Amino acid sequence: MKKLFIVSLSVISFFACKNDTKKETEDIKTSESISENKQDVIEVASFKGQQVTGVTVTQNGRVFANFPRWRDTVKYSVVEVFEDGSSKSYPNDIWNLWQPGEQPKDDQFLGVQSVVAFEDKLYVLDTRNPKFSGVVDAPRVFVFNLNTNVLEQTYKLDKDSYHSDSYINDLRVDKANNKLYFTDSGHAGLVALDLKTGKSTRILDNHKSTTAEVSELTFDNKVWKNTVHSDGIAFDQKNQRLFYHALTGYSLFSVPVSSFNLKNSTEIEASVKFEAKTAAPDGMIFDQSGNLYYADLEHNKIDYITPNGTIKTLVEGNNVKWADTFSIYNGYLYYTNSRINEASGDISNLDFTINKVKL
């Protein structure tokens, strides 16, 4: 992204590594990675010239996707995708009409970075930072009732929980504690929003665990220069831990969600746990068995870490081109190919897809 999501259960104990270098990360993958690329990739939808990043599937099988406002040619921010691969602006055309240069409106999307379906609601995360030009008003979450397709609630982040250069990137829903959790990839940090009070809290601001480790990634000997902080996020509901990862980095961390209630920054930082060395990923997700899925962006792969700490490969090849966001439904892993490393300049002839693969 900048500078440029439904299930999580079970404790995960990951292996440790002594070094933080990219080379040693690759050595780990070579020795530990086990290929299980036996499943065919099924294309769900394709969008020519429109860069899809987020996908989510509801408990009833409805598919939603989002398109961030990274350029002037974005036609829509949120769509519903149908079985035949066609799509329609969600919840309607008016919500998707805003264009850069216009006055921001409370009932229109400005820069949607993530959509997450949970139970009967669709959470739409609007960075309010179109084209990375800075937050024009507070980042927010629009909550739509999936039974009526009507806006039910809008939550705006408090001023002390984001920065002018924040790019609030991804979210997870915590039903037990009635909270949402976010990563900030533009200005390193984590944020929690209390759905009952509407108050938001920021922790680990510019902390080592939320800050990018490198300023570039390599794809087929081509260097993609960018610095992207805390990005991927996954919630271990059973053990009440939040897993997160910088996009330009190779270290997976977690923190107990109770840390958002602490006032002492030293205590919060002490609660951070290094989990594993991994490939550089984007989004992440747990399945019901406790496997944590994430992309190996630099090698066109989707990997996962098993509960015993083994890294395996689910799928790899030309059907995986910057696997951006994940959703799980009916035994399939859905993912978007956002092709971020390829999408510079005119993207009108590039195809961006939503795919699925059997788990």
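How big is the C-alpha Rg of the stretch 97-142 next to the rule-of-thumb value 2.2 N^0.38 Å, as a ratio?
Rg over 2.2 N^0.38 Å, computed on Cα atoms: 1.17.
Return the equivalent ellipsoid semi-axes of the chain as a descending list in whole Å, where each equals the square root of 5 times an eigenvalue of the C-alpha gyration tensor.
27, 24, 20
Taking N as the number of residues in the stretch 211-359, what is its alpha-carbon radius of gyration divided by 2.2 N^0.38 Å?
Dividing the Cα radius of gyration by 2.2 N^0.38 Å gives 1.09.
What is the Cα centroid distance between the stretch 121-136 and the stretch 138-213, reported in whole angstrom?
After rounding, the separation between the Cα centres reads 11 Å.
If you stretched the chain out fully between N145 and F274, how much longer would it get, using 0.36 nm times the residue separation minus the C-alpha to C-alpha distance?
Taking 0.36 nm per residue and subtracting the Cα distance, the gain is 42.7 nm.
The stretch 193-264: D in µm²/s via Stokes-Einstein (Kirkwood Rh, Cα pairs, 25 °C, 0.890 mPa s)?
My calculation gives 177 µm²/s for D.
Could you give the nm distance between label points at K131 and T218, where each point is 7 Å from its Cα heading toward the beta carbon?
Distance between label points: 3.4 nm.
Can you work out the PRE-style zone for Q99? Point 7 Å along Cα to Cβ, and I want the residues of the stretch 124-147 with backbone N under 17 Å.
Within reach of a label on Q99: 130-131.
Give me the percent of accessible area attributable to carbon and sulfur for the chain, probe 1.4 angstrom.
Carbon plus sulfur share of accessible area: 44 percent.
Sort 153-165, 309-321, 181-193, 123-135 by packing, meaning the average of other beta carbons within 10 Å per residue, with the highest value first.
Result, highest mean Cβ count within 10 Å first: 181-193, 123-135, 309-321, 153-165.
How far apart, in nanometres, would the label points at S46 and T266 be if each is projected 7 angstrom from Cα along the Cα-to-Cβ direction?
5.9 nm
Can you check what the Kirkwood hydrodynamic radius comes to for the stretch 255-343, Cα pairs only, in Å to one decimal?
14.6 Å
How large is the direction-averaged shadow of the alpha-carbon convex hull of the stretch 271-321, in nm²?
4.1 nm²
What does the accessible area per residue of the stretch 162-274 come to in Å², with a 1.4 Å probe and no ligands, DNA or RNA counted?
Ligands and nucleic acids excluded, the result is 40 Å² per residue.
Mind jotting down the three principal axis lengths of the stretch 46-195 based on Cα atoms? Whole angstrom, largest first.
Here the Cα extents, ordered largest to smallest, are 44, 40, 23 Å.
Between S164 and T306, how high is the FRET efficiency from 1/(1 + (r/R0)^6) when r is the Cβ-Cβ distance and R₀ = 35 Å? Nearest 0.05.
Plugging the Cβ-Cβ distance into 1/(1 + (r/R0)^6) gives 0.30.
The values are calculated or read from the model by the stated rules, or taken from the named source; none is laboratory data. This is a predicted model, so every value here is computed, not measured. Here the Cβ is made from the backbone with ideal geometry for all residues, glycine too, and neighbour counts use every protein chain on show. For accessibility, only protein heavy atoms count, side chains too; no ligands or nucleic acids. Shrake-Rupley method; radii C 1.70, N 1.55, O 1.52, S 1.80 Å.
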